[in-house]
Amino acid sequence: MLIAALASPVHAADPTPRITVGTQEVSLSGGYLLPHRFTRDQTTKQQGPAFMPSWMMTLSDPIGNSWYRGQVSLGAEMVYIQFQEPFLTHGVGFAPKIKYTFVALGRIRPYAEFAGGPFWTDLAGKIPEESSQFNFVLMAGLGVSYFLTDQVAFNVGYRFNHISNAGTHYPNLGLNASLPYGGFSFFF
């Protein structure tokens with residue numbers, strides 16, 4: 001049996017995965033949050049691991065006829081961050097999410113994504129940028145998926161995160177961070 005598997009021909013053409021309207025995607029991603037300080041008043045170097053499970057559904061067939069040919073997906077994501085600096089604290093949130101996936105390159109699929117929603121953290125009162133436990137998180141990023149099979153893809157990407165209380169308490173300097181990440185998506 002092993003000899004038969006080794007002797008079978010390898011196809012030169014790599015078939016393109018077919019993602020259709022209604023296809024569901026479950027993703028498990030993790031990364032490491034790195035701080036950005038845009039003003040002198042933002043002094044905290046918050047950083048730590050992040051875990052982002054998500055669910056999405058494809059809403060469109062491919063749109064367009066050129067390099068921008070792609071599909072729109074809509075879903076939701078949970079966000080968990082363990083801040084390790086300057087104190088060991090935690091944050092958890094829920095964010096509706098939209099993603100545009102470019103499909104012109106076959107198994108390699110770049111994408112742009114945006115998400116935002118409520119975020120709870122116990123950083124309030126421990127750092128000068130946060131005065132409230134209830135916040136909001138906004139995330140925008142770019143990434144690329146490589147389809148290992150028609151139903152499994154490996155993802156790597158970058159997100160910019162902003163966490164603040166939207167002016168409900170003062171001070172409200174907010175936290176800004178980069179989040180490089182990797183993970184897997186499963187399609188069904």
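For this structure, a couple of remarks:
- Computed FRET value (nearest 0.05) for Thr16 with His162, which takes r as the C-beta separation and R₀ as 41 Å: 0.70
- Within the stretch 88-175, the ratio Rg/Rh, alpha carbon atoms throughout and Rh by Kirkwood, equals 1.14.
- Summed side-chain charge close to Gly143 - residues other than Gly143 whose Cβ falls under 10 Å, Lys, Arg +1, Asp, Glu -1: +2
- For the stretch 70-184, averaging the sequence separation of C-alpha pairs within contact (under 8 Å, six or more residues apart) and dividing by the residue count gives a relative contact order of 19 percent.
- The phi torsions of the stretch 130-140, fed into the Karplus equation with coefficients 6.51, -1.76 and 1.60 and a -60° offset, translate into couplings of 10, 10, 9, 6, 8, 9, 10, 10, 10, 9, 9 Hz, rounded to whole numbers, with Gly and Pro shown as x.
- Given charges at Cβ of Lys, Arg, Asp, Glu: the chain dipole, positive-most of Asn135, Gly106, Phe87: Gly106
- Descending semi-axes in Å of the chain, equivalent ellipsoid built from Cα gyration tensor: 38, 18, 13
- The charge dipole of the chain, taken about the Cα centre with unit charges on the Cβ atoms of Lys, Arg (+1) and Asp, Glu (-1), comes to about 260 debye, rounded to the nearest 20.
- Vicinal HN-Hα couplings computed from phi for the stretch 155-164 (Karplus, 6.51 cos²θ - 1.76 cosθ + 1.60; Hz; Gly/Pro x): 10, 9, x, 9, 10, 9, 10, 10, 10, 7
- Spatially, the stretch 65-81 and the stretch 128-142 are offset by 21 Å when compared through their Cα centroids.
- Working from Cα pairs under 8 Å separated by at least six residues, relative contact order for the stretch 80-121 is 39 percent.
Bear in mind that the values in this text are calculations on the coordinates, not laboratory data. Bear in mind that the values here come from a model prediction, so they are computed numbers and not experimental data. Cβ: placed from backbone, ideal geometry, glycine included. Neighbour counts: every protein chain shown.
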